[in-house]
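The values are calculated or read from the model by the stated rules, or taken from the named source; none is laboratory data. Predicted model only: the values in this text are computed from it and were never measured. Note that we place each Cβ from the backbone using ideal geometry, even for glycine, and neighbour counts take in every protein chain shown. Just so you know, the surface numbers come from the protein's heavy atoms only, side chains and all, with ligands and any DNA or RNA stripped out. Shrake-Rupley method; radii C 1.70, N 1.55, O 1.52, S 1.80 Å.
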Amino acid sequence: MQELQNYINGRWQRSAASEYLDVTNPATDEVLARVPLSPASEVDQAAQAAAEAFQEWRRVPVVERVQYLYKLKALLEEHMDELARLVTNECGKTYRESVGELRRGIENVEVACGTPTLIQGYNNEDIARGIDEHMFRQPVGVVAAITPFNFPGMIPLWFLPYAIACGNCFILKPSEKTPMTAQRIFELLDELGLPPGVVQLVNGSKETVDAILDHPNIRAISFVGSTPVAKYIYRRAAEQGKRVQAQGGAKNPVIIMPDADMDQAVRVVAESAYGCAGQRCLALADAVTVGDAHDLFLEMMADRAVSLKVGYGLEEGVEMGPVITRQSKERIEGLIGLAEREGARVVVDGRGKRVPGYEAGYFVFPTILDRVSPESEIERTEIFGPVLSVFHVRDIEEAIRLVNSRRYGNMASIFTTSGAHARRFRYEAQAGNIGINIGVAAPMAFYPFSGWNESFFGDLHAQGQHAIEFYTQTKVVVERWL
Ligand code: NAD
């Protein structure tokens, strides 16, 4: 049984935690490893080592700092297959999905290699006679990221490469449900020969997070997870004067217009709703069908949902894996029951199903709820499982009103062949990531990951130029030489 360790000050060390949690394979219920819930004293060790390392690391020229990232990219590519298998085993998604998430993570390493350009400031000569003015970007200091279970390879890489390329020292607290991928990535980071204290890994859960939020050395917090925790993180860290970017939950709508190419719409929406067992923050969860689109969409979607092959993600041909924990399965199945009690019709029911050979796995099969009421509790709840709710409205006005009445704003999509409808939707939809005939509108690494409303607390998002701004502070110099 692998016992996970912390990586502090350039060395692997066993945690003094009094409590460990099991990390399980959700397809088999097999215990894969044990993860320590590290005490505050270990966060303190990491934060102190980082503060010390920062004094030298910020002086390393940015062109030298990014050399480590070129090596990291090569190592991640070399270990892609092994990492993807690890993601599938601890997280449940299919091998293809695991490769996809790692690819998006590596793209962030690639973009951060451009930090020598991205970090440039600007200047003016002669803002008054003989006086010049410059803006420089300097690193913030010690920064930390707290990440969720559903993208254990990609999400740490939304932050780490930019943070260190900008001259900061970085601490990761990965999800305690899927900590093994981060452990392996840190073993690769250890091969880079970075100075001790530049990157560190501290495992744990709430107590560990609180120690990070309260530590005076840590100047900036990046968080990705559910909305209640995002709000808590944002409030508690901001109270202590820290910079915070906190990405929260989601329940993403898609409008299906009667003029949509229905074959394409059904294929792409099914991939979005059921890919990663619906556990993507960019999963489409609510389909808003307009006018005549409803009946055909529902019929074709039901055919697609029942035909999806559910199973263990490393097996050939499997299209959807399990959800993350047994509790998660019970919660999702309970919410399908709630929807039924609230008057929705369960068109395809994924409850109580088993995968032969994997009877202990936490599988919920693709589910479709029709005629869900916009006022229902199920409509307000992030299900975070393979459940698509269908709503029926008369026209595009009503559809956009429904999309914009929601508390989240991570992503919204439309399927249409009309440029006018698409343009109107793009302009009016209250979400930060928009898909037009796209099911998972995941921004490339050189664009910000732009959640809105209760899907994001802060102003600068993850990835690209936003990440550079988040991880640097501007210094303006006004200069005169007599
Ligand atoms: P979570 O909020 O339960 O946990 C996220 C992190 O916060 C973990 O590291 C966990 O240890 C820590 N944490 C949990 N409870 C805490 C508490 N009370 N105090 C302090 N720290 C705490 O989220 P999850 O279940 O791991 O991930 C799924 C959620 O993440 C979904 O809501 C999903 O929509 C969201 N998500 C959002 C995005 C995005 O970009 N907006 C991306 C991925 C996932």
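Listing for the model above:
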read-out: Pair list, Cβ under 8 Å, 6 or more apart: the range 185-199 residue in a loop (DSSP other than H, G, I, E, B), other residue exposed (fewer than 15 other Cβ atoms within 10 Å of the Cβ); value: P195/E56; P196/R11
read-out: Unmet requirement for A47, which otherwise passes all of (1) closer than 21 Å to Q463 by Cα; (2) touching a His at 6+ places or on another chain (Cβ under 6 Å); value: (1)
read-out: Candidate set from the range 360-370 (those that are out of contact with any Phe, Trp or Tyr (no Cβ under 8 Å at 6 or more places or on another chain) and assigned to a loop (DSSP other than H, G, I, E, B)); member that is farthest from R326 (Cα to Cα); value: F365
read-out: Selection from the range 278-301 of residues that are more than 16 Å from the ligand (Cβ to nearest atom) and surrounded by 18 or more Cβ atoms within 10 Å (Cβ to Cβ); value: A287, V288, T289, V290, A293, H294, F297, L298, M301
read-out: G311 being touching a residue at least 24 places away in the same chain (Cβ under 8 Å) and within 16 Å of the ligand (Cβ to nearest atom); value: no
read-out: Restricting the range 138-153 to residues that are outside any strand (DSSP E or B) and surrounded by 24 or more Cβ atoms within 10 Å (Cβ to Cβ), the residue that is farthest from the ligand (Cβ to nearest atom); value: G153
read-out: Among residues of the range 81-90, those that are closer than 20 Å to L189 by Cα and open to solvent by less than 20 Å² (accessible area, probe 1.4 Å), counted; value: 3
read-out: Checklist (1) under 14 Å from M154 (Cα atoms); (2) within 8 Å of the ligand (Cβ to nearest atom); (3) open to solvent by 20 Å² or more (accessible area, probe 1.4 Å) applied to S175, failing item; value: (3)
read-out: Candidates N410, N437, N453, filtered to the one that is open to solvent by less than 50 Å² (accessible area, probe 1.4 Å), out of contact with any helix residue (DSSP H, G or I) (no Cβ under 9 Å at 6 or more places or on another chain) and of a type in the set (S, T, N, Q); value: N410
read-out: Qualifying positions in the range 228-243 - under 13 Å from F456 (Cα atoms) and in contact (Cβ under 8 Å) with a residue 24 or more places away in the chain; value: A230, K231, I233, Y234
read-out: Exclusive hit being without any contact (Cβ under 8 Å) to a residue 40 or more places away in the chain and more than 30 Å from R354 (Cβ to Cβ), set R103, R11, R34, R65; value: R103
read-out: Any hit, the range 307-314, residues being touching a helix residue (DSSP H, G or I) at 6+ places or on another chain (Cβ under 8 Å), modelled with pLDDT of 95 or more and surrounded by 24 or more Cβ atoms within 10 Å (Cβ to Cβ); value: yes
read-out: Test result for P253, modelled with pLDDT of 95 or more, open to solvent by less than 10 Å² (accessible area, probe 1.4 Å), of a type outside the set (A, V, I, L, M) and more than 10 Å from the ligand (Cβ to nearest atom); value: yes
read-out: Qualifying residue in the range 468-482 (condition: within 12 Å of the ligand (Cβ to nearest atom), on the phi < 0 side of the Ramachandran plot and either within 24 Å of the chain's Cα centre (by Cα) or surrounded by fewer than 23 Cβ atoms within 10 Å (Cβ to Cβ) (or both)); value: no
read-out: Selection from the range 296-310 of residues that are assigned to a loop (DSSP other than H, G, I, E, B) and either among the basic types (K, R) or within 12 Å of V390 (Cα to Cα) (or both); value: K309
read-out: Top-ranked residue of the range 200-212 - restricted to ones that are part of a helix (DSSP H, G or I) and touching a strand residue (DSSP E or B) at 6+ places or on another chain (Cβ under 9 Å), ranked as nearest to the ligand (Cβ to nearest atom); value: V209
read-out: Members of the range 91-107 found to be of a type in the set (A, V, I, L, M) and open to solvent by 30 Å² or more (accessible area, probe 1.4 Å), listed by number; value: V99
read-out: Where Y162 falls short, out of the listed (1) within 15 Å of the chain's Cα centre (by Cα); (2) open to solvent by less than 10 Å² (accessible area, probe 1.4 Å); value: (1)
read-out: Every residue from the range 213-250 that is surrounded by fewer than 19 Cβ atoms within 10 Å (Cβ to Cβ), near the ligand (Cβ under 8 Å from one of its atoms) and not hydroxyl-bearing (S, T, Y); value: P228, V229
read-out: Matching option when the condition is among the aliphatic types (A, V, I, L, M), open to solvent by less than 20 Å² (accessible area, probe 1.4 Å) and in the same structural domain as L192 (by TED's automatic domain parsing), among A74, A53, A40; value: A53
read-out: Every residue from the range 234-260 that is more than 15 Å from F384 (Cβ to Cβ) and under 16 Å from the mean Cα position of the chain (by Cα); value: V244, Q245, A246
read-out: Any chance Q120 is open to solvent by 10 Å² or more (accessible area, probe 1.4 Å), in contact (Cβ under 8 Å) with a residue 24 or more places away in the chain and more than 14 Å from the ligand (Cβ to nearest atom); value: no
read-out: Residue satisfying all of: in the range 374-415; over 24 Å from F457 (Cβ atoms) and acidic (D, E); nearest to the ligand (Cβ to nearest atom) among these; value: E375
read-out: Top-ranked residue in the range 322-332 [being surrounded by 20 or more Cβ atoms within 10 Å (Cβ to Cβ) and either without any contact (Cβ under 8 Å) to a residue 24 or more places away in the chain or out of contact with any helix residue (DSSP H, G or I) (no Cβ under 6 Å at 6 or more places or on another chain) (or both); ranked as farthest from I383 (Cα to Cα)]; value: P322
